[in-house]
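The values are calculated or read from the model by the stated rules, or taken from the named source; none is laboratory data. Here the structure is a predicted model, which is why all the values come from computation and not from measurement. In this analysis, Cβ positions are derived from the backbone assuming ideal geometry, glycine residues included, and neighbour counts consider all displayed protein chains.
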């Protein structure tokens, strides 16, 4: 398996295909219309300007992807990120999500980020298990915050420290 930076032109169609299932057939995403490859290309380019967007490639096929994004707009949150991972159904339970996240967390720590947050539509035992096995801890649940497929959905939030905080020391700006 090769984990590499996503290319907005080359990888958009594969990422869009992987993501579409989470939009149209599942509640992993709260989007209601699956974005097309052109929109995914735009998103990859926008995110990659500041944060990592990685793909896992197996024998020339994109098996999954992971990326980080801004946690909140207010300036004091700039050392924290939201993270997400999606793996093609054909490649579930092969360690791809874990491998993508491990590399993503390494890159984020190198860039100067301290905390990673992940939102998970509940229930989702597989995603909760993956995140908790990688050091995420639950921090709260937004109850009935989203309505999709005829039902109100809870979104749980998990948080993981990427690097040590030094008390009394101002952090360097993330790069």
Mind checking whether some residue in segment 168-175 is surrounded by 11 or more Cβ atoms within 10 Å (Cβ to Cβ) and within 24 Å of residue 23 (Cα to Cα)?
no
For segment 136-155, does any single residue satisfy the condition of being in contact (Cβ under 8 Å) with a residue 12 or more places away in the chain, outside any strand (DSSP E or B) and buried (at least 18 other Cβ atoms within 10 Å of the Cβ)?
yes
Subset of segment 13-40 [assigned to a helix (DSSP H, G or I), free of Cβ contacts under 8 Å to residues at least 60 places away in the same chain and out of contact with any helix residue (DSSP H, G or I) (no Cβ under 9 Å at 6 or more places or on another chain)]:
20, 23, 24
Residue, nearest to residue 174 (Cα to Cα), within segment 84-103, restricted to residues that are surrounded by 16 or more Cβ atoms within 10 Å (Cβ to Cβ) and in contact (Cβ under 8 Å) with a residue 60 or more places away in the chain:
103
Name the residues in segment 65-87 that are more than 29 Å from residue 152 (Cβ to Cβ) and not in a loop (DSSP other than H, G, I, E, B), would you?
75, 76
Sole miss for residue 19 among (1) surrounded by 13 or more Cβ atoms within 10 Å (Cβ to Cβ); (2) more than 13 Å from residue 65 (Cα to Cα) is condition (2)
When restricted to 10, 43, 50, the only residue out of contact with any strand residue (DSSP E or B) (no Cβ under 6 Å at 6 or more places or on another chain), on the phi < 0 side of the Ramachandran plot and assigned to a helix (DSSP H, G or I) is 43
Is it the case that some residue within segment 110-125 is surrounded by fewer than 16 Cβ atoms within 10 Å (Cβ to Cβ), modelled with pLDDT under 95 and part of a loop (DSSP other than H, G, I, E, B)?
no
